[in-house]
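**Q** The structure is given below, and queries will be raised subsequently.
The values are calculated or read from the model by the stated rules, or taken from the named source; none is laboratory data. Everything quoted here is computed from the prediction, not taken from an experiment. Every residue, glycine among them, receives a Cβ derived from its backbone with ideal geometry; neighbour counts consider all protein chains shown.
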Amino acid sequence: MQREPPPTPWVFPDVRTAPPDDVVAVGADLEPGTLLAAYRRGIFPMHLEDGVLGWWSPEPRAVIPLAGLRVTRSLRRSVRRYSLTVDRAFEAVLAGCASPDRQGRWINEEIEVAYSRLHRLGWAHSVEAWSPAGDLVGGLYGVAIGGLFAGESMFHRERDASKVALVALVDGMREGSGGMVDVQWATPHLRSLGAVEVPRIRYLDMLADALSYPLPPVFRC
């Protein structure tokens, strides 16, 4: 059950009229109400190099349409190799994504605390991939609002484990009325899975459409 937190006192810019820079605001806080207000406006948080909290709306934006996920034959075999769950080990997935050993690590303690709080309120979710031995070997987490899943990060300890979690996520979202997976930036890895870039204005239209749908059954508890 999703519980709406107190509203944020911060006012975010209208990114439809913002300059084409990826960072559209700085400061504010990571309270649950602030995070939800940001995602609903097409904005997400990530600290800048100097440690200041930045609010981002990339131009262009990368998304994976629910009908656009690319699943190769070898990936389908990997899907059969792992067991998949939703919200069984959110904290462990978050810790895996925040591991200091990861190249380009950006998730700090402040981010971990903020998304753990959002998870307890029913807005942040994880998808986990488990080995036949019962070990957590990959997963992803993000924020679900209506038909939007705003993906934040993924990790793997065994081959294809994070990709398998993404397949499970999209399969679960397809059980709903409609929506999209927001992946922020189109890395080569995400492009290989079907991520496409859209102009910011187009993304905001897609976002409004996704937010109009009910939460997919996979995230209802």
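**Q** Any residue at all in segment 78-96 that is touching a Gly at 6+ places or on another chain (Cβ under 6 Å) and crowded, with 17+ Cβ neighbours inside 10 Å?
**A** Yes, some residue in segment 78-96 is touching a Gly at 6+ places or on another chain (Cβ under 6 Å) and crowded, with 17+ Cβ neighbours inside 10 Å.
**Q** If you don't mind, there's one more thing I want to ask. Answer yes or no as to whether V93 is in a helix (DSSP H, G or I) and touching a Phe, Trp or Tyr at 6+ places or on another chain (Cβ under 8 Å).
**A** When the stated conditions are applied, V93 passes them.
**Q** For segment 155-205, what are the residues that are small (G, A, S), under 14 Å from the mean Cα position of the chain (by Cα) and closer than 12 Å to G139 by Cβ?
**A** S162, A165, A168 - these are the residues of segment 155-205 that are small (G, A, S), under 14 Å from the mean Cα position of the chain (by Cα) and closer than 12 Å to G139 by Cβ.
**Q** Can you pull out the residues in segment 15-46 that are modelled with pLDDT under 95 and touching a strand residue (DSSP E or B) at 6+ places or on another chain (Cβ under 9 Å)?
**A** Matches in segment 15-46: A18 only.
**Q** Next question. Identify, please: which residue in segment 12-34 is among the aliphatic types (A, V, I, L, M) and within 24 Å of P199 (Cβ to Cβ) and is, among those, farthest from the chain's Cα centre (by Cα)?
**A** So, considering only residues that are among the aliphatic types (A, V, I, L, M) and within 24 Å of P199 (Cβ to Cβ), the one farthest from the chain's Cα centre (by Cα) is A18.
**Q** Also, I was wondering about something else. I'd like the full set of residues that are over 24 Å from W123 (Cα atoms) and either part of a helix (DSSP H, G or I) or without any contact (Cβ under 8 Å) to a residue 40 or more places away in the chain (or both), limited to segment 19-59.
**A** Listed by number, the residues that qualify are P19, D21, D22, L48, E49, D50, G51, V52.
**Q** Let me confirm something: among L148, L140, which residue is within 15 Å of the chain's Cα centre (by Cα), in the same structural domain as E197 (by TED's automatic domain parsing) and more than 23 Å from P6 (Cβ to Cβ)?
**A** Checking each option against the conditions leaves just L140.
**Q** Which of the following residues is surrounded by fewer than 20 Cβ atoms within 10 Å (Cβ to Cβ), aliphatic (A, V, I, L, M) and under 24 Å from M180 (Cα atoms): L48, L75, L36?
**A** None of the others qualify; the one that does is L75.
**Q** Something else about it: Scan (1) farther than 16 Å from P65 by Cβ; (2) at pLDDT 95 or above; (3) surrounded by fewer than 15 Cβ atoms within 10 Å (Cβ to Cβ) for the single condition P188 breaks and write down its number.
**A** (2)
Conditions tested, residue by residue: (1) of a type in the set (S, T, Y); (2) in contact (Cβ under 8 Å) with a residue 60 or more places away in the chain.
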residue: R61; (1), (2): no, yes
residue: L69; (1), (2): no, yes
residue: V79; (1), (2): no, yes
residue: D87; (1), (2): no, yes
residue: G96; (1), (2): no, yes
residue: P100; (1), (2): no, no
residue: E109; (1), (2): no, no
residue: S126; (1), (2): yes, no
residue: G138; (1), (2): no, no
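**Q** OK, next. Mind listing just one residue for me: the one in segment 100-124 that is of a type outside the set (A, V, I, L, M, F, W, C) and assigned to a helix (DSSP H, G or I) and, of those, surrounded by the most Cβ atoms within 10 Å (Cβ to Cβ)?
**A** Y115
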